[in-house]
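Asker: I'd like to ask some things about the structure below.
The values are calculated or read from the model by the stated rules, or taken from the named source; none is laboratory data. Predicted model only: the values in this text are computed from it and were never measured. Backbone-built Cβ (ideal geometry, glycine too); neighbour counts: all protein chains shown. For accessibility, only protein heavy atoms count, side chains too; no ligands or nucleic acids. Shrake-Rupley method; radii C 1.70, N 1.55, O 1.52, S 1.80 Å.
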Amino acid sequence: MISKSDARELIDALFEEEALVIGGLVAVHRLDDDLVWRLMRNLDVVRGRFLRRIEAQDSGESAAPTTPNLKPHPAIEDFILGIRRARP
C-alpha cells in the first residue's frame with residue numbers, strides 16, 4: 001500500500017505536469033487570460049479535493065467527491081474514458 005506522503009507527492013507531481021502541458025498550450029495558442037486563470041483555479045480545487053481525500057482515508061471522515069451535472073467537452077470525455085479503460 002502506498003503511504004499518504006507518497007500519494008501526496010504523486011498527486012503534486014501529476015498536477016505540476018498538467019500545469020506545464022497547459023502552459024505549453026497557452027504559449028502556442030494564445031488562450032484568453034481569464035480562461036487560463038479559471039482553469040488553473042479549478043485544477044487547484046481538484047488537487048485540494050484529492051489531497052483531502054488522502055488525509056481522510058484513516059480518519060473515518062467522509063470525503064465523497066461532488067460532481068456537477070455538466071457534459072464535458074468530447075476531447076476531455078475521451079481522455080477520461082482512456083484513463084478508466086486503462087485501470088486494472
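Asker: If you check Leu10 against the conditions, is it within 28 Å of Asp58 (Cα to Cα), touching a Phe, Trp or Tyr at 6+ places or on another chain (Cβ under 7 Å) and part of a helix (DSSP H, G or I)?
Answerer: Answer is no for this residue.
Rundown of residues vs (1) part of a helix (DSSP H, G or I); (2) open to solvent by less than 80 Å² (accessible area, probe 1.4 Å); (3) touching a residue at least 40 places away in the same chain (Cβ under 8 Å); (4) within 17 Å of Ile76 (Cβ to Cβ), yes/no style:
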position: Met1; (1), (2), (3), (4): no, no, no, no
position: Ser5; (1), (2), (3), (4): yes, yes, no, no
position: Leu14; (1), (2), (3), (4): yes, no, no, yes
position: Leu25; (1), (2), (3), (4): yes, no, no, yes
position: Val28; (1), (2), (3), (4): yes, no, no, no
position: Leu31; (1), (2), (3), (4): no, yes, no, yes
position: Asp34; (1), (2), (3), (4): yes, no, no, no
position: Met40; (1), (2), (3), (4): yes, yes, no, yes
position: Val46; (1), (2), (3), (4): yes, yes, no, yes
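Asker: How about segment 48-88: which of its residues are open to solvent by 80 Å² or more (accessible area, probe 1.4 Å), of a type in the set (Gly, Ala, Ser) and modelled with pLDDT of 80 or more?
Answerer: Ala86
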